Amino acid sequence: MDYDVIVVGAGPAGSMAAKYAALNGAKTLLLEEHGQVGSPVACTGLISRNALDECELGEGSFINKRIRGAFVHSPNNHNILLDGKRTMAYVVERKIMDREMARRAVNAGAEILISTKAEGITPVPGGISVKVTGPDGTEDITASVVIGADGVKSKVARAAGLGNLPHVCSAIQVEATYEPRNPDFVEMFSGSRYAPKHFAWAVPTSGDCCRVGLISDEHAHEYLQRLLTEHEIVSKKARSAVDLIMGGVPVGTLKRTVTDNIMIVGDAAGQVKPISYGGIYTGARCARIAGEVAAKAALAGDASSARLMEYERRWRADIGRELMMMMRFRQMYGRMTDQDLDEALALLDDPEISEVMTKYGDIDRPSKLAFELLKLSKNRGMWRLMGLLVKLLF
Ligand SMILES: Cc1cc2nc3c(=O)[nH]c(=O)nc-3n(C[C@H](O)[C@H](O)[C@H](O)COP(=O)(O)OP(=O)(O)OC[C@H]3O[C@@H](n4cnc5c(N)ncnc54)[C@H](O)[C@@H]3O)c2cc1C
């Protein structure tokens, strides 16, 4: 074999998987089809401190802004303020962050080929042959294990017979000049007018800019136009959009993420939080396990599906329950009418509840907050809120 491990795709998940494969002693190759790691960007870049830690990055130059909280708008445009009173999240520049992560994979011992696309995979005795096309033409490279970290449209997952993701939503976003009410807070919008079943956002970045976007099952462009031109807050403050991006966001995971000699990680596996649709924290966490298991399997000369299942078991034990609970919440949220959302937000507009939300709110693991709210609403006899939370949780 030319390599022990080949990782396809140098996004956060791919770089993390390559880093951990190399750290565990595997001869590792990381492939990126684009000429620059991190470009083009399809991300708002809003991540938690935990996500930064999972990516094993300190507070580097890729941090654009620190965020303290959020104004959350109901469909009738009542809004509540959630103020963490300290840095609760960071806005990052993915172009710089992704390059830093790839650099760290290389520092750990992985090789990287940019402008090199994996075109196909074929099983060969003891491993996989990857057909790659790069600046010098097309060649076949072999490895004991191939990790597909090639994003939401993963060709590796399909070619490996691991099927398609259950559902993919559209995310759309512009970067525009902006006069925020308060530059330390993001604005979140709910309701059928701008983001039916999902949500929209305006996230300030440094200077006088913000990223305005939304998630949608259909007509994403029309909803964004409406948000930009009609919403009381956004239309007055966001101007001169200079950058439009669109991308797919997976909702739900692949049924299986391993087969003989192949593992799938990150967006390609659907390892994305189905409430916030953020995939950096979850992808990096799972990728670390993938890199380690791939290296050990390759070096032991056994990269059978049975051996690689260790990865599947470990990542599901780690985040599977949380993802399942978020999925239930998402399904229930998707069924709520504008009136339900107005009512729910009005119930949450209470100083004690806001305090619990800011104290226990964790965008990566929201179940803790749900349990704390449940306890509080029970103690205070808030049966309507409790009923809502019970439905969300079970
Ligand atoms: C508009 C939008 C906003 C978002 N905002 C946030 C946010 O604020 N916070 C958050 O946590 N998440 C956010 N996400 C999700 C986040 O961007 C993804 O979860 C994350 O990028 C997934 O990382 P990944 O490494 O799995 O895949 P990707 O980042 O998609 O990386 C895949 C890489 O594989 C490469 N590749 C693909 N095919 C091949 C091939 N055949 N050969 C070689 N290379 C290949 C691609 O070029 C790419 O570099 C957002 C997504 C969208 C669309």
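Cβ-Cβ distance of Ala346 and Ser192, R₀ of 25 Å, FRET efficiency by 1/(1 + (r/R0)^6): the value works out to about 0.90. Between the helical axis of 280-300 and the longest alpha-carbon principal axis of the chain there is an angle of about 20 degrees. Against the main long axis of the alpha-carbon atoms of the chain, helix 383-393 sits at an angle near 10°. For segment 71-207, the convex hull drawn through the C-alpha positions has a volume of 190 cubic angstrom per residue. At a Förster distance of 22 Å, what's the computed FRET efficiency of Asp184 paired with Arg49, Cβ-Cβ distance as r, to 0.05? With a Förster radius of 22 Å, E is 0.90.
Stokes-Einstein D for the chain at 20 °C, 1.002 mPa s, Kirkwood Rh over Cα pairs, in µm²/s?
Numbers: Rh = 21.7 Å.
Rounded to a whole number, D works out at 99 µm²/s.
Calculation over all alpha carbon pairs of segment 1-83 in 10 angstrom steps from 0 returns a P(r) of 14, 32, 28, 15, 8, 3, 0 percent. Counting only GluC sites (Glu not before Pro) that DSSP places in a loop and that have at most 12 other Cβ atoms within 10 Å, the longest clean stretch of the chain runs over 233-394. Mark the label point 7 Å from the Cα of Gln339 along Cα→Cβ and return the residues of segment 182-219 whose backbone N is within less than 18 Å of it. In segment 182-219, the label zone of Gln339 (backbone N under 18 Å from the point 7 Å along Cα→Cβ) covers 191-193, 197.
Principal-axis analysis of the Cα atoms of the chain puts helix 351-360 at an angle of about 10° to the longest axis. Taking Cα centre as origin and charging only the Cβ of basic (Lys, Arg, +1) and acidic (Asp, Glu, -1) residues, the dipole magnitude of the chain rounds to 900 debye. Using a Gaussian network model on the chain with a 10 Å cutoff between Cα atoms, which of His34, His78, His198 fluctuates the most? Between His34, His78, His198, it is His78 that shows the largest mean-square fluctuation. On a per residue basis, the chain carries 43 Å² of accessible surface, using protein heavy atoms and a 1.4 Å probe. Were the residues from Glu59 through Met309 laid out at 0.36 nm apart, the gain over their Cα-Cα distance would be 86.6 nm.
Roughly how many debye, to the nearest 20, is the charge dipole of segment 199-286 about its Cα centre, given +1 on each Lys and Arg Cβ, -1 on each Asp and Glu Cβ, and no other charges? Write out the running numbers ahead of the final one.
Numbers: 9 positive and 9 negative charges, 54 e Å.
Charge dipole, segment 199-286, about its Cα centre: 260 debye, nearest 20.
Per-atom-type breakdown for the chain gives carbon and sulfur 51% of the accessible area (1.4 Å probe, protein chains only).
Taking a straight line from the alpha carbon of Lys359, these lysines sit under 19 Å away, with near neighbours fewer than eight places off in the same chain left out: Lys85, Lys368, Lys375, Lys378.
Return the percentage of antiparallel bridges among DSSP beta bridges fully within the chain, rounded to the nearest 5 %. Beta bridges within the chain, antiparallel portion: roughly 75 percent.
The values are calculated or read from the model by the stated rules, or taken from the named source; none is laboratory data. From a predicted model like this one, the values you see are computed outputs, not experimental measurements. Note: ideal-geometry Cβ built from the backbone for every residue, glycine included; neighbour counts use all protein chains shown. Side chains included, ligands, DNA and RNA excluded: accessible areas come from the protein's heavy atoms. Shrake-Rupley method; radii C 1.70, N 1.55, O 1.52, S 1.80 Å.
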